């Protein structure tokens, strides 16, 4: 099966998920979870990597609903390609959000972060580097059928790259 990378310019309509980072395995980048017996220890169910809570790394995960022409689909961007948009590595942002002092509790900080992400990304035009296999349909190339429930509405892609075009006038804009 052939895999190729395409650059697709899209406008961000919404966040599909308010979670912008997750605890990740240093080996395979999968999500790691606290062990049931000891919440201070984390384990990767995929490769069995283990660490204590203080050694957990975090990784960005931005799940967006985007539009190109008349096609709407989902794009999820992972990892370091988002560092420049947030101005800090995901582990640093997580520590800031967790350790910041003030009247706002954890849920309020999470809400504020989601609002900042929305303000930075919604309505903006980005170019996404998407890997497409030979069998996947590309909704941005299809003719509209007038149906809101077509394949393009449910399509979800993973982007390895997210580019802010220089003409957008948003250079230096971070969350």
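Determine the shape class of segment 1-125: with a ≥ b ≥ c the square roots of the Cα gyration tensor eigenvalues, call it rounded for a/c under 1.5, and otherwise prolate if a/b is greater than b/c, oblate otherwise.
On the way: a/c = 2.44, a/b = 1.33, b/c = 1.83.
Because a/c hits 1.5 or more and a/b fails to exceed b/c, segment 1-125 counts as oblate.
Using 0.36 nm per residue, how much length does the chain from residue 19 to residue 54 gain when fully extended, once their Cα-Cα distance is taken away?
Values: separation 35, 0.36 × 35 = 12.60 nm, distance 2.03 nm.
Extra length from residue 19 to residue 54 when fully extended: 10.6 nm.
When the gyration tensor of segment 50-93 is built from Cα positions, what are the square roots of 5 times its three eigenvalues, in whole Å, from largest to smallest?
Square roots of five times the eigenvalues give 29, 12, 6 Å.
Using the count of nearby Cβ atoms within 10 Å as a rough guide to exposure, how do 54, 69 rank from fewest to most?
Values: 54 6, 69 13.
By the 10 Å Cβ count, ascending, the order reads 54, 69.
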Ranked by how many other beta carbons lie within 10 Å on average, peptides 27-37, 74-84 from highest | 74-84, 27-37
Listing 163, 130, 52 from the residue with the fewest other Cβ atoms within 10 Å to the one with the most, what is the order?
-> 52, 163, 130
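Every number in this text was worked out from the coordinates using simple rules, so none of it is lab data. This is a predicted model, so every value here is computed, not measured. Every residue, glycine as well, gets a Cβ built from its backbone with ideal geometry; the counts of neighbours run over all protein chains shown.
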